[in-house]
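What follows is calculated from the coordinates using simple rules that are stated; it is not laboratory data. Nothing here was measured: the structure is a model prediction, and the numbers come from that model. Glycine also receives a Cβ, built like all others from the backbone with ideal geometry; neighbour counts cover every protein chain displayed.
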Amino acid sequence: MAFGVVVGALFVVERLRPLRSRKDPAPTRVGRNLTIGLLAAATTAASEIPIIAPVQRLAERRRLGLLRQCPLPRALRVVLGFLLLDYTLYIWHWLNHRTPALWRFHAVHHIDLDLDSSTGIRFHFGELALAAGFRAAQIVLLGVDDETLRAWQQCLLLSVIFHHSNFELPIEVERRLQSVIVTPRMHGIHHSTRVEETNTNFSSLLSWWDRLHRSPRVDVPQPAITIGVAGFLDPADVTLERSLALPFGDARCLIPPSA
Ligand SMILES: [Zn+2]
């Protein structure tokens, strides 16, 4: 319920106070992102019973993972679990930009020609299937319990919708937020067509991991950013059919923009 209110409010305010001008204001774009997002959500839900739940039970039964091996107070284990989940997601996102096989799927998210809250759900179902495998690895290696994982996932989902939104926050508010979480201006730079801009700001919830790895960038004015992926700037490249088929064919997607 609260999630729906936040997402609905962002959907409205990003239209009242846009951060970047839109290339494609047509409702068909939002419908396309919603369709891709529903397929992604179905994939995540379908991975829960056969993969995530059994892996969590196995990890609990055999006391697998870093945090289960350390005799820590519960509160500290929860905080460390939250931080480690978020940090390892930074690494996963970075790998998605460095590995051709992963980039094929992640590129579907990046080829959106505009960036708003609907882009935050525009992930190819293949990327979410691969992410389920990564989530299983996080559970087994980190030893996070189910409640910590769910709390982090809920915060992450809200953060992802927020930092993809096209909402222009007052610059002072954004600067303060940037010291803790990823903001719309930060993530706008990550969605740039320019290599030196897209290969920055890989964090998804807490912004600290970019500072840790010296990959933050906040000095690019939003009007100077072209959103998308070089070679896919024609609206004909980002239709629903092309977007869903992209990981399985187009050779232009073989090379991540870092290569
Ligand atoms: Zn990315």
Stretch gain in nm, segment residue 137-residue 175, where the contour uses 0.36 nm per residue and the Cα spacing is subtracted
10.3 nm
I'd like the projected area of the chain, averaged over all directions, using the convex hull of its alpha carbons. Report it in nm² with one decimal.
14.0
Show that you can apply the helix-only estimate: for the chain, add -39,500 (n - 2.57) for every DSSP H stretch of four or more residues, divide by all residues, and state [θ] at 222 nm to the nearest 500.
-18000 deg cm²/dmol
What order do you get for 195, 173, 78 when you list them from fewest to most C-beta neighbours inside 10 Å?
173, 195, 78
Helix 27-47 axis, angle to the chain major axis (alpha carbon atoms, nearest 10°):
20
Whole angstrom only: what separates the Cα centroid of the range 116-165 from the Cα centroid of the range 185-259?
18
Calculate the all-directions average of the projected area of the range 52-99's alpha-carbon convex hull, and give it in nm².
4.2
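Rg(Cα) of the range 2-146 divided by 2.2 N^0.38 Å? Don't skip to the answer; put the middle values down first.
Values: Rg = 18.1 Å, N = 145, 2.2 N^0.38 = 14.6 Å.
Rg over 2.2 N^0.38 Å, computed on Cα atoms: 1.24.
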Report the trypsin sites (Lys or Arg not before Pro) located in the range 183-233 that are in a DSSP loop and have at most 10 other Cβ atoms inside 10 Å of their Cβ, or state none.
214
In degrees, nearest ten, helix 100-110 long axis to first principal axis of the chain (Cα)
60
Based on other C-beta atoms within 10 Å, arrange 24, 116, 237, 219 from fewest to most.
219, 24, 237, 116
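With all pairs of different alpha carbon atoms counted, what Kirkwood hydrodynamic radius in Å does the range 1-66 show?
On the way: mean 1/r = 0.0645 Å⁻¹.
About 15.5 Å, per the Kirkwood formula over Cα pairs.
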1/(1 + (r/R0)^6) with r = Cβ-Cβ of residue 234 and residue 26, R0 = 22 Å, i.e. FRET efficiency to nearest 0.05, evaluates to 0.90
Once you place label points 7 Å from the Cα toward the Cβ at residue 70 and residue 35, how far apart are they in nm?
4.7
Tell me the label-point distance for the pair residue 62, residue 101, using the 7 Å Cα-to-Cβ offset, in nm and rounded to one decimal.
2.2
Fewest-first ranking of 163, 106, using other Cβ atoms within 10 Å as the exposure measure
106, 163
Looking only at 28, 226, 198, which one moves most when the chain is put into a Gaussian network model with springs between Cα atoms under 10 Å?
28
